[in-house]
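Each remark here refers to the structure printed beneath this line.
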Amino acid sequence: MVSHSGLITVMERAVRKAAPRLRRDFGEVQNLQVSRKGPADFVSMADKQAEETIVEELRKARPDWGMLLEEGGEIAGDPSKPRWIVDPLDGTSNFLHGIPHFAISIAVDDPIGGITHGMVYQPLTDEGFWAEKGRGAWVQGNRLRVSSRRDLADSLVATGIPFLGHGDFVQWSRIFGAVAPEVAGIRRFGSAALDLAWVAAGRYDAFWESGLKPWDVAAGWLLVKEAGGFVTDFRGTDRAVEKGEVLAANDQLHSRLHKLVANALR
Ligand code: 2AM
Ligand code: CA
Ligand code: CA
Ligand code: CA
């Protein structure tokens, strides 16, 4: 595996460069050009401009790397080198409704090591959650650790609900029906990247969602892993990022939730 020292600095520089514009646009949402990629799947100038700025910074630092971008699609690079996976604005619906809960997500996907670096950055709070494979997950100089709660009855669980034209409502309802009666509370805040970062930080005890894309999941997946948590798909396999299907928690809660989910989907 190539040496990745300094990559977190590169990612931090990219998100910091994109942040002021996002902060400004957030205050002027009514002036943004918004279009629709599908039913309820909105994209604005803010998404596109943030992505352009991020791509420019990342390309300056690693000119030969490929990229997987939510808005720009795939950009080929040297296949022996890692590629960047970028969601320039996760939580666009929140952003466009003036709800201050959205983030930038950037990950490094190495052809040998898989996801080796991840950053989930909240422009409004200047909070940058980052993780490096084998070196832990961090926010503002503090090491992240998933929660240590063991009982579902004490747990606050985040989820993502399918939205118009997107996702499996029946499957989600089955899982909700199995999980909701067992846990202390459920939240749906609308940014999968932040949901995972907050599981890594021990704010949520667990999180489940399906129908996601690699750019929603990759960085947060590493954050949870490096914070000592478990992230799998609903069957309990290690293919959460590829499948866009995520069940994340500490080991105890993960195994309890996995049983409930498996039952619900039988
Ligand atoms: P996006 O904001 O980058 O598009 C949460 O369910 C995930 O689904 C988010 O990561 C969000 O990513 C995406 N999403 C897209 N459209 C959505 C919508 N109308 N409602 C909720 N989430 C949406
Ligand atoms: Ca989107
Ligand atoms: Ca997203
Ligand atoms: Ca996005």
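Bridging of K60 to aspartates and glutamates at a Cα separation below 17 Å is possible for E12, E51, E52, D78, once same-chain residues fewer than 8 apart are set aside.
For the pair the range 193-266 and the range 70-127, the centres of their Cα atoms are 17 angstrom apart. For H97, H166, H117, the ranking by accessible surface with the largest value first comes to H97, H166, H117, using a 1.4 Å probe.
In percent, rounded to a whole number, the relative contact order of the range 6-143 is 19, using alpha-carbon pairs under 8 Å and six or more apart. With Cα atoms as the point set, the radius of gyration and Dmax of the range 169-266 evaluate to 12.0, 32 Å. With the helix formula -39500 (n - 2.57) applied to DSSP H stretches of n ≥ 4, the chain reaches a computed 222 nm mean residue ellipticity of -11000 deg cm²/dmol.
Taking every alpha-carbon pair under 8 Å whose residues sit at least 6 apart, the chain reaches a relative contact order of 16 percent. Here the gap between D151 and L32, fully extended at 0.36 nm per residue and compared with their Cα-Cα distance, gives a gain of 38.4 nm. Each label point was placed 7 Å from the Cα along the Cα-to-Cβ direction; for I112 and R135 their separation is 1.8 nm.
Net length available on complete extension from D126 to K213 is 28.9 nm, with 0.36 nm assigned per residue and the Cα-Cα distance removed.
What does the extension gain come out to for R59 and E182, with contour length at 0.36 nm per residue minus their alpha carbon separation?
Full extension from R59 to E182 adds 39.6 nm.
Could you name the lysines whose alpha carbon sits less than 24 Å from that of K225, not counting residues in the same chain fewer than 8 places away? List returned: K81, K133, K213, K243, K259. Here the chain is treated as a Stokes sphere of Kirkwood radius computed over C-alpha pairs; at 10 °C and 1.306 mPa s its diffusion coefficient rounds to 86 µm²/s. Near A201, no amide H atom lies under 5 Å from its own; only residues 5 or more places off or on other chains count, and H is placed 1.01 Å from N. Select from M11, M45, M119 the residue whose mean-square fluctuation is largest in a Gaussian network model of the chain (Cα-Cα springs shorter than 10 Å). Result: M45 has the largest fluctuation of those listed.
The values are calculated or read from the model by the stated rules, or taken from the named source; none is laboratory data. It should be emphasised that the depicted structure is a prediction, and the values quoted were computed from it without experimental measurement. Note that each Cβ is placed from the backbone with ideal geometry, even for glycine, and that neighbours are counted across all protein chains shown. Accessible surface areas use protein heavy atoms only, side chains included; no ligands, DNA or RNA. Shrake-Rupley method; radii C 1.70, N 1.55, O 1.52, S 1.80 Å.
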